[in-house]
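Values quoted throughout were computed directly from the atomic coordinates according to the rules given, and no laboratory measurement underlies them. Note that the coordinates shown come from a computational prediction; the quantities given were computed from them, not determined experimentally. Cβ atoms come from the backbone with ideal geometry, glycine included; neighbour counts cover every protein chain shown.
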Amino acid sequence: MVTAVTSMGRSGLYDWLMQRVTAVILLSYFVFIACVLMGGVDYASWKALYSQTWMRIFSLMALFSLGIHAWVGMWAVFTDYLTERLMGTRGNILRFTAQSVCALTMFTYVVWGIQILWGN
Amino acid sequence: MRLPITAWTSIAHRASGVFLFAGMAVLIWGLDASLASPESFEGLKECLASPLAKLVIWAVTAGLIYHSVAGIKHLIMDFGIGESMEGGVRGARLVIAVSVVLILLAGIWIW
């Protein structure tokens, strides 16, 4: 059996579900942040919000969700367009490079986010 | 290219996703500046007062809005709603209409 080694969960059904679960988490996070921002914030209230444990958990959850969601999404895009059929013999190299850049970026976002949440 | 409306909304969902992948760097950078210190918070506010910064934030917000609305349509379709040919076209039109309204409202809010 051929297994897709670069997909998120090595299974289409797993990726399909993770894409939806992470989507709901990300959507609730962005709607929540939009509501907070529309209510108006100053430094003290904004900082106080992000010092709460539940807000840090919610933010980290959104950050991990972003990493998973982007991985699944970018994988779908890369495996559709950066292929040997469309790009010729360099297709596989292009796709692997693009996926590596994507993975590195997501890893950077997560570590950067952790530093923002706990480092300041 | 002559494509059905459903194809355009699908391509735009992908394109906005790829755009957000990069756009998130702007938002995380903003979060960093907003929390680092009172000075950096004020600096961020000053920076966001410039038209160029407003345009960038509006673009990322627009991507976020479109990707979210199209994503919600996906979730609704996962429940078996609007999967017919007419349902798909109606869904695509609805996604465009709702996104345009929300993106305009976001633009008004940012400016």
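Structure notes:
- For chain A, the equivalent ellipsoid built from the Cα gyration tensor has semi-axes of 35, 15, 12 Å, listed from largest to smallest.
- Loop GluC sites (Glu not before Pro), the range B:11-103, which have at most 12 other Cβ atoms in a 10 Å radius of their Cβ (DSSP): B:Glu83
- In degrees, nearest ten, helix A:53-81 long axis to first principal axis of chain A (Cα): 20 degrees
- All lysines inside 22 Å of A:Lys47 as judged from Cα atoms, apart from same-chain residues fewer than 8 positions distant: B:Lys45
- Restricting the range B:1-81 to chymotrypsin sites (Phe, Trp or Tyr not before Pro) that sit in a DSSP loop and have at most 14 other Cβ atoms within 10 Å of their own Cβ leaves B:Phe79.
- Between B:Ala62, B:Ala33, B:Ala12, the Gaussian network model of chain B with springs among Cα atoms under 10 angstrom shows the greatest mean-square fluctuation at B:Ala33.
- Nearest-ten-degree value, helix A:91-119 long axis tilted from longest Cα axis of chain A: 10 degrees
- Sequence of A:Met74, B:Met1, A:Met87 once ranked by neighbouring C-beta atoms within 10 Å, starting from the fewest: B:Met1, A:Met87, A:Met74
- For B:18-28, mean number of other protein chain Cβ atoms within 10 Å: 4
- Counting, for every residue in B:29-35, the Cβ atoms of other protein chains within 10 Å of its Cβ and taking the mean gives 5.
- Residues B:Asp32, A:Asp80 arranged by fewest to most Cβ contacts within 10 Å: A:Asp80, B:Asp32
- Each principal axis of the range B:9-110 carries a Cα extent, and these read 54, 23, 19 Å when sorted largest first.
- Helices of chain B meeting both criteria, an alpha-carbon length of 27 angstrom or more along the long axis and an average Kyte-Doolittle score not below -0.5, with helices taken as full DSSP H segments, are B:5-36, B:51-78, B:85-110.
- Based on C-alpha pairs under 8 angstrom that are at least 6 apart in sequence, the range A:12-119 has a relative contact order of 31 percent.
- For chain B, a crude dipole built from +1 on the beta carbon of Lys and Arg and -1 on the beta carbon of Asp and Glu, taken about the Cα centre, is about 460 debye to the nearest 20.
- More than 33 Å apart - percent of Cα-Cα pairs taken over the protein assembly as shown: 22 percent
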